[in-house]
Amino acid sequence: MPRDLRRYQIRRLGNWVNLSTPLGLAVARAGGARVRPGPRGLLLADGYRLGLPVASAFTVGNVLVTAGRWSDWRVERPSLLEHEERHSWQWFSLLGLPFLPAYAVAMGWSMLQTGDRAAANVFERRAGLALGGYEEAPVRPIGPALRAGLGRLRSRS
């Protein structure tokens, strides 16, 4: 068996065992997406209708989900599939469900540092910011960012 094929099979099995792929299938189903086999053991879910998360595509385990159609993304943004596939490896590396809180912390850190959910998010950076359609954002001083965030929280209460 070729080495690459073995890697993809290990990822596919690992993401089933760590329950991230079953979760991804449940999310896709809840959102009304149609799931079909994709390359390298991935599952492609088209037509996702729920509004969360706010993203052109997202990955849960080996399930790559989009509101659109993956066949269209391959033409419009061919790098998006590669970006999302890298997230499937992240789910595998973090043993599944622990990826969710880790990603939330990374997103919060990115918001704090840059005001953008992806620019300083370690998971988005390692998946390739540009591949996912994200842009770099300058790091801002944390003190003013914290004060601004606290001010917003106070104004809501």
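The values are calculated or read from the model by the stated rules, or taken from the named source; none is laboratory data. These numbers were taken from a predicted model, which means no experiment stands behind them. Neighbour counts are summed over all protein chains in view; Cβ atoms, including those assigned to glycine, are modelled from backbone coordinates with ideal geometry.
Listed residues TRP91, TRP109; which is touching a residue at least 60 places away in the same chain (Cβ under 8 Å) and on the phi < 0 side of the Ramachandran plot?
Going through TRP91, TRP109 in turn, the sole match is TRP91.
Being among the small types (Gly, Ala, Ser) and assigned to a helix (DSSP H, G or I) is the filter; apply it to the stretch 59-100 and report the residue that is surrounded by the fewest Cβ atoms within 10 Å (Cβ to Cβ).
The first filter runs over the stretch 59-100 and keeps only residues among the small types (Gly, Ala, Ser), leaving 61, 67-68, 71, 79, 88, 93, 96.
Cutting the leftovers down to assigned to a helix (DSSP H, G or I) gives us 71, 79, 88, 93.
Working: SER71: 9, SER79: 14, SER88: 28, SER93: 13.
This residue is SER71.
Quick test of your reading of the structure: ARG29 fulfils all but one of (1) modelled with pLDDT of 95 or more; (2) touching a Leu at 6+ places or on another chain (Cβ under 9 Å); (3) exposed (fewer than 15 other Cβ atoms within 10 Å of the Cβ). Name the failing condition by number.
For ARG29, the exception is condition (2).
Determine the pairs where a residue that is closer than 12 Å to ASN62 by Cα, located within the stretch 14-34, has a partner that is of a type in the set (Val, Ile, Thr) and part of a helix (DSSP H, G or I) with Cβ atoms under 8 Å apart, the partner being 6 or more residues away or on another chain.
Going by the 8 Å Cβ cut-off, the qualifying pairs are ASN15/THR21.
Output the residues belonging to the stretch 23-69 that are within 16 Å of GLU82 (Cβ to Cβ) and charged (D, E, K, R).
ARG40, the sole residue that qualifies.
Of the numbered conditions (1) assigned to a strand (DSSP E or B); (2) among the basic types (Lys, Arg); (3) within 17 Å of LEU131 (Cβ to Cβ), ARG36 fails exactly one; give the number of that condition.
Result: ARG36 fails condition (3) only.
This table checks each residue for (1) charged (D, E, K, R); (2) in the same structural domain as SER20 (by TED's automatic domain parsing); (3) farther than 20 Å from ALA57 by Cβ.
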{"site": "HIS87", "(1), (2), (3)": "no, no, no"}
{"site": "SER93", "(1), (2), (3)": "no, no, no"}
{"site": "ALA120", "(1), (2), (3)": "no, no, yes"}
{"site": "ARG147", "(1), (2), (3)": "yes, no, yes"}
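Would you say ARG140 is free of Cβ contacts under 8 Å to residues at least 24 places away in the same chain, among the charged types (D, E, K, R) and surrounded by fewer than 19 Cβ atoms within 10 Å (Cβ to Cβ)?
no
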